[in-house]
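A short worksheet on the structure shown next.
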Amino acid sequence: MHRRARWMLPEGVDELLPPEAAQAEALRRRLLDLYWAWGYELIMPPAIEYLESLLTGTGRDMDVQTLKVTDQASGRTLGLRPDITPQAARIDAHQLRREGVSRLCYIGGTLRAQPEGPAGSRDAVQLGAELYGHAGVASDLEVISLMLASLRCAGLEALHLDIGHVSIFHALTSELGLSAVEEAALFDALQRKAGDEIAAVLDEAGVEQAEAERLSALAELHGGAEALERAEQVLGWAGPAVAGALEQLRAVVESLQAREPGLTLHLDLGELRGYRYHTGLVFAAYTPGYGRELARGGRYDGIGQAFGRQRPATGYSAELKALLSLGDGPEAPSGGVLAPWGEDPALLQRVAELRAAGERVVWQLPGDTDHHGCDRRLVAHNGTWELE
């Protein structure tokens, strides 16, 4: 192996150097202040847990993304977390066990076996917020509004919100008796909006024409607010579960149009991201010129049941380093005071006072000629140390 290869990072793994690392920390602090202002409490789950805990609830889809090691202390299998959402659900259900509404937030590192997409990172810094204990549309709207505020906190203003509702697909397929293979093929064709393939899968599964037409229609029910009107015409008679989902979508769209008049809204009833664990509204935010999601989330009621306590839940997550690369967020602190190295008690006291006041003070070590980004220096003048 060439000696330089020793310093190469694994594929999909990156690191932040100065000044990007300081900018990321400034953004992290600003986001935590935002969460606090909205009433969300910070949690810091461990980076590694027993595998069965990580793969509970939403984590089941994360099995192939979880790097696994053997715990030498217990002999059990541990997993490095690829997603913090299941950990937040465990904390709400098992550790906190609160009654009523609970709001939790987090910012922490995750590690995935494979990147999400060609330009995705395997060692992401995931940020997010979760709201537990409320099953109504109001909590979905709160989480969506907080997600948009978080993206704007990172300096992203041109936002596009995509909204769907997985309950419609669940309701239409629940009584069809599809095999796992047939359901997977239908899901794949629906995500690609491949009408002919959707029809072929349903025909091979022996689905009656009326149900097949409703499922096929999901691929075409996308667009602006007018897509909801089409959906109500096509699916409004499909049963109470579908009708309830359409009513929720209507309430969310009307509220967001009033709250966010400049926001571009797009409805897609064939969008089923996370349909294996999401139970209701799903949403994702985009910005022009970036082909991937900025943030995503949705409702996942019942995830806490696996941890001993079923709770309504909704939340969102995003990736800090992606937001940093795209947005016009906070700048890293710059400038500072250069102090000559010395033992003068007055100098030492002056440096301590400046640092206590929030100043950046850098010692200029003997023989060092670099200014280290400082724009001022301490100079002795008539027995005192003054800035110039």
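The values are calculated or read from the model by the stated rules, or taken from the named source; none is laboratory data. Values in this document were obtained by computation on a predicted structure and should not be read as measured data. In this analysis, Cβ positions are derived from the backbone assuming ideal geometry, glycine residues included, and neighbour counts consider all displayed protein chains. What goes into the accessible areas is simple: the full protein's heavy atoms, side chains included, and nothing from ligands, DNA or RNA. Shrake-Rupley method; radii C 1.70, N 1.55, O 1.52, S 1.80 Å.
The table for this structure:
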item	result
Amide H contacts under 5 Å for Val361, placed H, 5+ residues apart	Val337
Protein accessible area in the chain, 1.4 Å probe - carbon and sulfur %	52 percent
GNM flexibility winner over the chain from Asp203, Asp375, Asp328 (Cα, springs under 10 Å)	Asp375
Relative contact order (percent, whole number), the stretch 204-330, Cα cutoff 8 Å, 6+ residue spacing	17 percent
Simple Cβ-charge dipole of the chain, Lys/Arg +1 and Asp/Glu -1, about Cα centre, in debye nearest 20	1180 debye
Residue-by-residue Karplus 3J(HN,Hα) for the stretch 230-236, coefficients 6.51, -1.76, 1.60, Hz, glycine and proline x	5, 5, 5, 6, 7, 10, x
Under the Karplus curve 6.51 cos²θ - 1.76 cosθ + 1.60, θ = phi - 60°, whole-Hz ³J(HN,Hα) for the stretch 66-81, x wherever Gly or Pro sits	9, 7, 10, 9, 9, 6, 5, 6, 10, x, 7, 8, 9, x, 7, 4
Solvent exposure ordering (accessible area, 1.4 Å, most first) of Asp301, Asp83, Asp92, Asp196	Asp196, Asp301, Asp83, Asp92
Cα convex hull volume per residue for the stretch 34-124 (Å³)	113 Å³
Rounded accessible area of Tyr290 (nearest 10 Å², 1.4 Å probe)	50 Å²
Most mobile of Thr66, Thr314, Thr173 in a GNM of the chain (Cα contacts under 10 Å)	Thr173
Farthest toward positive dipole pole in the stretch 215-352 [+1 Lys/Arg, -1 Asp/Glu at C-beta], among Ala346, Gly335, Gly280	Gly280
Glu25, Glu388, reordered so the largest accessible area comes first (probe 1.4 Å)	Glu388, Glu25
Amide H within-cut-off set for Leu159, under 5 Å, with H built and near neighbours excluded	Thr264
Estimated vicinal HN-Hα couplings, Hz - the stretch 187-200 in sequence order (Karplus 6.51, -1.76, 1.60; Gly, Pro = x)	4, 4, 5, 5, 5, 8, 6, 8, x, 5, 5, 4, 4, 5
In Å², nearest 10: area of Leu54 left accessible to a 1.4 Å probe	10 Å²
Rounded to the nearest 20 debye, dipole of the stretch 249-329 from Cβ charges on Lys, Arg, Asp, Glu	340 debye
